[in-house]
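Just below is one structure, and these are the notes that go with it.
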Amino acid sequence: MGDEYSYDEIISLCERLEKLYTPAVADTLDDMGFMNQTMESGFSPIIPNAVIAGPAYTLDEARTKKSKRLSDYDPQFVAQALTAIFDNMKKSQVIAVNTNGFWGAGAFGELMATTSKYYAGVKGAVVDGPIRDIGRVLDIDFPVWARGNIPTDSIGRVDLVGINTPIFCGGVRVNPGDVIFADIDGVVVIPLGEVDLEEVVVKAEEVVAAERRSREEIKNGSSLLDVYKKYGKL
């Protein structure tokens, strides 16, 4: 259903998502029958109050079969690989990284963050594994959600095996262009080819509004039962 909207329209809907919170979107997707769209626990934002939503740009990484030092790589190969990664990114996307279970090196760091932000205009990254250079990534105010930290370099330990292909990240299938929504509670993936994005946004906005009304009435002395009968939500 993603082809129903232009890229600019998708970004506009993502900006509305960023005014909400992930539990409301997760509940909305549950109600629509999509109950496996929330990434597993353990993703922590390096910027606690960061909130991002955008189309997914996926990277698939895996443990290398044969280790090399940086000096052993052909410079032209390195340049071509970096060009393949960054020249195909779009402004306001969110990077999703699958490490295929290898947690022995930083799957994302300063170079990726700096280039993603300033060259490609990417909003942030979600990494199913450890990251490094966190202090310098914080210096440029680039939001990253990761499942750990490690100082080890990926060079000689990690191969890039896929760019903008379907991956699994946090136990959720992420297709390129699916909308990733992340905040302090975690990460939700909206499957753009299977649901109407605007419908998800509108319903999630209604959930947030209902929850705000419920909270106010509870604060003012209403019982949980009365609030639930009135709004159908707590």
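Values quoted throughout were computed directly from the atomic coordinates according to the rules given, and no laboratory measurement underlies them. Model, not experiment: these values are computed from the prediction. Please note: Cβ atoms are built from the backbone with ideal geometry, for glycine as well, and neighbour counts cover all protein chains shown.
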Query raised in the report: What is the order of MET32, MET39, MET89, fewest Cβ neighbours within 10 Å to most?
Result: MET32, MET89, MET39
Query raised in the report: Expressed as a rounded percentage, what relative contact order does the chain have, with Cα pairs under 8 Å and six or more residues apart?
Result: 30 percent
Query raised in the report: Where both residues lie in segment 2-194, what percent of DSSP beta bridges are antiparallel, nearest 5?
Result: 55 percent
Query raised in the report: Can you give me the Cα centroid spacing of segment 1-55 and segment 93-109 in angstrom?
Result: 20 Å
Query raised in the report: Put a dot 7 Å past each Cα toward the Cβ at ASP8 and SER44; how far apart are the dots in nm?
Result: 4.1 nm
Query - Pairwise centroid distance, computed over Cα atoms, of segment 110-142 with segment 169-198, Å - result: 19 Å
Query raised in the report: If each residue's Cβ is checked for other Cβ atoms within 10 Å, how do LYS203, LYS219 rank with the fewest at the top?
Result: LYS219, LYS203
Query raised in the report: So what's the back-of-envelope 222 nm ellipticity for the chain, counting only DSSP H runs of four-plus at -39500 (n - 2.57) apiece and dividing by all residues, rounded to 500?
Result: -10000 deg cm²/dmol
Report task. Calculate the dipole size of segment 2-194 relative to its Cα centre from +1 charges on Lys and Arg beta carbons and -1 charges on Asp and Glu beta carbons; express the result in debye to the nearest 20. Result -> 840 debye
Requested in this report: Under a 10 Å cutoff between Cα atoms, tell me which one of TYR118, TYR21, TYR57 has the largest fluctuation in the Gaussian network model of the chain.
Outcome: TYR118
Query raised in the report: For ALA120, what is the net charge nearby, where nearby means another residue's Cβ is under 14 Å from its Cβ and Lys, Arg count +1, Asp, Glu -1?
Result: +3
Report task. Within segment 1-49, list the GluC sites (Glu not before Pro) lying in a DSSP loop whose Cβ has at most 14 other Cβ atoms in a 10 Å radius. Result -> GLU40
Report summary line: The number of Lys pairs in the chain whose alpha carbons lie under 23 Å apart, excluding pairs fewer than 8 residues apart on one chain, is 17
